[in-house]
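Read the figures in this text as sums done on the coordinates, not as results from a lab. Note that this is a predicted model, so its numbers are computed, not measured. Heads up, the Cβs are rebuilt from the backbone with ideal geometry, glycines too, and the neighbour counts pull from every protein chain shown.
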Amino acid sequence: MRYLYYPGCSLKGTGKAYDESLVAVFDKLGMDAKELPGWNCCGATAYMSVDETKAFALAARNLALAEQENGSDPIHLIAPCAACYLVLNKVQKYMAEYGHLREVIANSLKAVGLNYHGTVKVRHPLDVFVNDIGLDKIKAAVSHPLKGLKVASYYGCQVVRPYAEFDDQYNPQTMDQLMNALGADAVDWPLKTRCCGGTLTGTVEEAGLRMSYILLKEASKRGANIMATACPLCQFNLECYQGKMRGTFGDSIDLPVAFFTQIMGRAFGLEAKRIGLQRLFVPVKAAPAMA
Amino acid sequence: MSSLQIQVRIKHQEELDPDFANSIAALPGGENLSRCIQCGTCSSTCPVSLYMDYTPRRIIAMTRAGFKQEVLASNTIWLCASCYECTVDCPREIKVTDIMYALKRRAMEEKVYPKRFPTPVLAKEFFKSVLKTGRSNEGLTVTWMILKTAPLNMLKQMGLGLKLLLRGRMALGVEKMEGDPTQIRRLMEQVEVEEKKTH
């Protein structure tokens, strides 16, 4: 299988620790997944609300660049950010479904010297870890079993909706299986795919803040001592606003929220700095086996 | 005896926009608009419907009936966080999230949204950043959004910005794509050319 890595803009900013820990974990597992040369913004949620066709063309440019790297096998493009994963998949589907859109995008790409034939496969790292690498290989790489760590696996919206075929849309399991393979306990909780508020936390704070708070409160109630996320915006909302939540809701909420790849890195015995633990607002040291 | 006092509570059909539904249904993702059976699954599954002036079910009904003005001025379309729950759950396969996007774009085109409302400003700042550098720069985009919508909030947000900065989670410099960012501008311009050709 030939992989390329599409980090997306957030993983070079607020979600830097996701980028660092993912690359470190790839390395530990002997995976070859270099960064897609010349990648640009995927188009994301905000762009989609200004001009949909342009957003699709932006996403398609990345797919065209990835396709250029095709050898005998098609490229599997790994997109860890939930929004990138959704948009890249969406443009694939929509180009196949809507002839007019396909034509506009194909002609526009051609004008800048690019082509896209629809051969790239967009993959989420959860899918790659569980279905390509396999849990046995992950287990074998564990040097520090995460004993006593109770993880609320939080998938968020756009990893599983509406396109993911690798997991269940209502009760996904891949992250839970991964956490169990690391020696941690995946906590059973019902809000795995409920929205964190997305960009509302920045635009209509009153609504966004409460949506994230509901998730943290429920995870704590279910006995979790850490929450694992698979999306840079979810991680940002759930972690960086906890101080504000304490003030707004008069609650003592204080739950570490880490990228699932940071938790993997910890179990693999990787150095804290390599997996970006120092970048977290809520220190993970308090959680068992994470110090 | 005085007669019963009445007033028109909703619009007469002649006051509605008969083309509104078709213009939305014609966009990618809008095709199943007319299949709605008003079951309300979208509204019950929506995590933000409790704040909306019209629930998603009502927005679909009103869009279909031609209540253009009310739909475009509603807070509903700006509260949609694009979680796709309604799209996945709709028994009639209506892509509700895509319809919300289409309505947001229409509202921006027609400039009907609350003044100083941050969402459209955020979207436009995002667009500008990508056009210039090929990437979205979170720090700059959000800073501009705050300055343009609620400059007094800048002070409140500075603590968060500083914390991000100290942890290396916000780049001070501008993140640029590798290669030639003008290719992005040319690609976007070509999309406009191609769209005109096919219309």
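Computed over region A:165-283, relative contact order equals 21 percent, with contacts defined as Cα pairs under 8 Å that lie 6+ residues apart.
Over 31 Å between C-alpha atoms is what I'm after, so list which of A:Lys54/B:Lys68; A:Lys217/B:Lys156; A:Lys93/B:Lys163; A:Lys12/B:Lys124; A:Lys93/A:Lys147 land there.
From the list (A:Lys54/B:Lys68; A:Lys217/B:Lys156; A:Lys93/B:Lys163; A:Lys12/B:Lys124; A:Lys93/A:Lys147), the Cα-Cα distance tops 31 Å for A:Lys93/B:Lys163; A:Lys93/A:Lys147.
Projecting the Cα positions of A:Cys234, A:Phe129, A:Asn89 onto the charge dipole of chain A (unit charges on Cβ atoms of Lys, Arg, Asp and Glu, taken about the Cα centre) puts A:Cys234 furthest along the positive direction. One Cα centroid belongs to region B:61-132, the other to region A:6-85; the line between them spans 25 Å. Here the sum of -39500 (n - 2.57) over DSSP H runs of 4 or more residues, divided by the residues of chain A, equals -12500 deg cm²/dmol at 222 nm, to the nearest 500. If we count GluC sites (Glu not before Pro) as exposed when they sit in a DSSP loop and have at most 10 other beta carbons within 10 Å, what is the longest stretch of chain A that avoids them all? Longest run free of exposed loop sites: A:1-164. Here is the short version for chain B: B:Cys36, B:Cys39, B:Cys46, B:Cys80, B:Cys90 have no other Cys C-beta closer than 4.7 Å. Entry note, region A:227-291: relative contact order of 34 percent, from Cα contacts under 8 Å with a spacing of 6+ residues.
Among the trypsin sites (Lys or Arg not before Pro) found in region A:191-271, those both in a DSSP coil and sparsely packed, with 14 or fewer other Cβ atoms within 10 Å of their Cβ, are A:Arg222.
Take each residue of peptide B:180-189, count the partner chain Cβ atoms within 10 Å of its Cβ, and average: the result is 5.
Positive contributions from Lys and Arg (+1) and negative ones from Asp and Glu (-1), summed over other residues with Cβ under 15 Å from the Cβ of A:Leu146, come out at +3.
Projecting the alpha carbon convex hull of region A:48-185 along each direction and taking the average yields 10.2 nm². Under the combined filter of DSSP loop state and at most 16 neighbouring Cβ atoms within 10 Å, region B:2-45 retains these trypsin sites (Lys or Arg not before Pro): B:Arg9, B:Lys11. Is the shape of region A:2-123 rounded, prolate or oblate, going by the alpha carbon gyration tensor and its root eigenvalues a ≥ b ≥ c, with a/c under 1.5 for rounded and a/b larger than b/c for prolate? Since a/c reaches 1.5 but b/c is at least a/b, the shape of region A:2-123 is classed as oblate.
About its Cα centre, the dipole of chain B is roughly 680 debye, where the only charges are +1 on Lys and Arg Cβ and -1 on Asp and Glu Cβ. Site pair B:Leu147 and B:Arg92 shows an inter-label distance of 4.6 nm when each label is modelled 7 Å from Cα along Cα→Cβ. Using alpha carbons only, how many degrees (0 to 90, rounded to 10) separate the axis of helix B:56-65 from the longest principal axis of chain B? The helix B:56-65 is inclined about 60 degrees to chain B.
Simple rule: put +1 on each Lys or Arg Cβ and -1 on each Asp or Glu Cβ in the protein assembly as shown, find the dipole, and look at B:Tyr84, A:Ala224, A:Leu22; the Cα lying farthest toward the positive end is A:Ala224. In chain B, one over the average inverse separation of all distinct C-alpha pairs is 19.7 Å, which is the Kirkwood hydrodynamic radius. Using helices alone, what [θ] at 222 nm do you get for chain B, with -39,500 (n - 2.57) per DSSP H run of 4 or more residues, divided over all residues and rounded to the nearest 500? Theoretical 222 nm ellipticity from helices: -16000 deg cm²/dmol. Using every pair of separate Cα atoms, the Kirkwood estimate puts the hydrodynamic radius of region A:136-198 at 12.6 angstrom.
Each Lys and Arg Cβ is given +1 and each Asp and Glu Cβ -1; about its Cα centre, region A:2-123 then shows a dipole of about 80 debye.
What separates the Cα centres of region A:217-240 and region B:150-180 is a distance of 22 Å. Placing pseudo-labels 7 Å out from each Cα toward the beta carbon at B:Lys197 and B:Ser34 gives an inter-label distance of 3.1 nm. Along its principal axes, region B:13-109 has C-alpha extents of 33, 25, 22 angstrom, given from the largest down.
Simple spin-label estimate for A:Ala286 and A:Leu135 gives 3.0 nm between the two label positions (7 Å along the Cα-to-Cβ direction from each Cα). Percent of Cα pairs in chain A per distance bin of 10 Å, from zero to the largest separation: 7, 29, 35, 21, 8, 1.
Based on alpha-carbon atoms, the Kirkwood radius and the radius of gyration of the protein assembly as shown give Rg/Rh equal to 0.97. Taking the Cα centre of region A:143-286 as the origin and placing charges on Cβ (Lys, Arg +1; Asp, Glu -1), which of A:Tyr154, A:Thr203, A:Ala267 is farthest toward the positive end of the dipole? Checking the options against the dipole of region A:143-286, the answer is A:Ala267. Taking every Cα-Cα distance in region B:118-188 and sorting them into 10 Å bins starting at zero, the pair-distance distribution P(r) comes out as 20, 43, 29, 8 percent.
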